[in-house]
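I have placed the structure first, in the form of structure tokens, so that the comments after it can refer back to it.
We did not get these values from a lab; they are worked out from the coordinates using the rules stated. Because the structure is a prediction, the values reported are computed rather than measured. Glycine gets a Cβ as well: all are built from the backbone with ideal geometry, and neighbour counts include every protein chain shown.
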């Protein structure tokens, strides 16, 4: 199991477009992927779940990966957050 | 008509609302109601479980097909950017985590699929409704819409998109998606209980040239399907069960308007010039690129106000420099060589900060317009660069909203210079002498207009806000909205001051508020010396006709007399009498 803490950097926050990118990427891995924000947990492979997060710019998310390819999944998704979903900062 | 309906008393009833899209129509009412599913919880036998899941699969398929049709139609009618409002719904239908857990619950709890779908999606919706940011709360509506779509398809009820005959759509409110999908039929008119002139559906009605009246309170309770209904989209009036005399009258009005409009169409290529040679600019206020064709047909001298914040409507992200540039370039190229005034984003702080903003107790006096943009210079620079790049053909001007002191103006101008420098460094072309103007909508700006005027190329009076601030009246507040008076002597005298002081500095004065498009105000504004009238596109021909009918010399006298009157009633009566004297208007 791997835990990562990330910050939302892009200006518009985790709105529909980055949420879709995130969910699609996460779904490529076998590992479970849980996102929690302020103690509230959702499945990171579910778009409707990610939509409920209301994660705006500057908010912190805790990512939890668990499964056979958790290392790869964590690296790929961490990178997505690091580059701010290729969106304006 | 069924026999029972014959017996029902058909009394004429008049409803007054807000004219949202011009035109006149008489026809049968069609009550459009959003499908609100009724959900009963039932237990399913073990052998009934798999058929329930199959039922869900086919309902999802049907929902997908519906949404993809709506999405395509939206792209065609509204463009790619606006169509994105439907993207979230499409994706939810493919959420395998959601539907795996729904399948799992149907198997484990052996409840009917309607109940489980409703219950499971409701959990997410509730969280979103309670979110602190507006964006997430708006998405809750998407979630609700997609849930209702699935439930409707589970109950095998059809999406109402095909209508018999040509009805008048009567609705409590109308989402843009509904107005859009219904417009595939022949629609005579849209009338709704709520909604404003600037709502998405009103905008859409104008783009589709369908008459519309909004804000008709208590209408739904009085109308039944098939009732005859007359709609006057000029006057904002709806008549239910009109008497033959009323129908005659309203159809005559339509004829008069038609003749009037045909006559006005002859004005298209003529300048907005008084008989004694005073030429003013007559331009249009615009929100969407889709309106550009209409504006050209109406013969505008250019665009006096492009509300760039309309780019943010329905969109999720702030468009970046490239996206903005693409949009502004469409305006510049379509209107070339005519001018386009782009107003920088006039938005409240919540648009960019979401829940991080503390809720303002008085947003009208709060963080909005240029105040927001100066606090977020990176956003402002991005927009200004996009505007500058679109100015390459030298027909673009830039305008700042909500300026209340000279420091804000200087700061904004400095940022324009910074943006120019950034573009030079990138080797990109722009208009070095781009004209810079400001809105005069805060009374303080009107008071110091002689100082502001020395540092800008033009000013444009935003009457809607100016009047609200000057008279301390929120026009959206029903209790006091009758105190919102365009012809309050204080307003008229304030306008004179703004116009006189600006002209002393040799800069042109425009007006882009609603008052500029009010025919009753035209002669007065002309006489006060206004140089440019920027109006809603539909008002262009009528305002032009008035300008071409009245000598500037006489308009000045009329304005002088108007300035001496002490109540709004006197002013309005005087101006109405003046109009009659010129035989202007169709009434």
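Observations, loosely collected:
- Among A:45, B:573, a tally of other beta-carbon atoms within 10 Å of each Cβ gives an order, fewest to most, of B:573, A:45.
- To the nearest ten degrees, helix B:244-265 and the longest principal axis of the Cα atoms of chain B are 50 degrees apart.
- Using the Cα coordinates of region A:16-89, the gyration tensor eigenvalues translate into equivalent-ellipsoid semi-axes of 18, 14, 11 Å, sorted from longest to shortest.
- Shape of chain B from the C-alpha gyration tensor: oblate (a/c of 1.5 or more and a/b not above b/c, with a ≥ b ≥ c the square roots of its eigenvalues).
- Cα gyration tensor shape of region B:230-269, rounded if a/c is under 1.5, else prolate or oblate by comparing a/b with b/c: oblate
- Estimated at 0.36 nm per residue, the fully extended path between residue B:323 and residue B:247 surpasses their Cα-Cα distance by 22.5 nm.
- Considering only the Cα atoms of region B:513-576, their convex hull presents on average a projected area of 4.2 nm².
- Per residue Cα convex hull volume in Å³ - calculated over region B:389-488: 116 Å³
- Rg over Rh, two decimals, region A:5-46 (C-alpha only, Kirkwood Rh): 0.96
- Per residue, chain B reaches -14500 deg cm²/dmol at 222 nm when only DSSP H runs of four or more residues are counted, each adding -39500 (n - 2.57).
- Counting every other Cβ atom within 10 Å of each residue's Cβ, B:208, B:219, A:89 order from fewest to most as A:89, B:208, B:219.
- FRET efficiency estimate (nearest 0.05) - Cβ-Cβ, residue B:429 to residue B:10, R0 56 angstrom: 0.25
- Note on region B:520-570 and region B:414-450: Cα centroid distance 30 Å, given to the nearest whole angstrom.
- Relative to the longest principal axis of the Cα atoms of chain B, the long axis of helix B:377-390 lies at roughly 70 degrees.
- 0 to 90° range, to nearest 10: angle between helix B:96-109 axis and chain B longest Cα axis: 40 degrees
- For residue A:30 and residue B:122, a Förster radius of 41 Å and the Cβ-Cβ distance give a FRET efficiency of 0.85, rounded to the nearest 0.05.
- Projected onto their three principal axes, the Cα atoms of region B:243-291 cover extents of 46, 34, 14 Å, largest first.
- Sites residue B:94 and residue B:38, calculated FRET efficiency, Cβ-Cβ separation with R0 35 Å, nearest 0.05: 0.85
- Taking B:15, B:115 and counting other C-beta atoms within 10 Å, the order from fewest to most: B:115, B:15
- Altogether, the Stokes-Einstein calculation at 25 °C and 0.890 mPa s, with the Kirkwood radius of the protein assembly as shown over Cα pairs as Rh, returns a diffusion coefficient of 88 µm²/s.
- The ellipsoid that matches the Cα gyration tensor of region B:433-534 has semi-axes, each √(5λ) in whole angstrom, of 23, 14, 12, with the longest given first.
- Segment residue B:378-residue B:175, length gained on full extension (0.36 nm per residue, minus Cα span): 69.7 nm
- In nm, spacing of pseudo-spin labels at residue B:156 and residue A:75 (7 Å Cα→C-beta vector): 5.3 nm
- Cα gyration tensor category, rounded, prolate or oblate, for region B:102-192 with a/c compared to 1.5: oblate
- Modelled this way, with points 7 Å down the Cα-to-C-beta line, the labels at residue B:490 and residue A:66 are 6.6 nm from one another.
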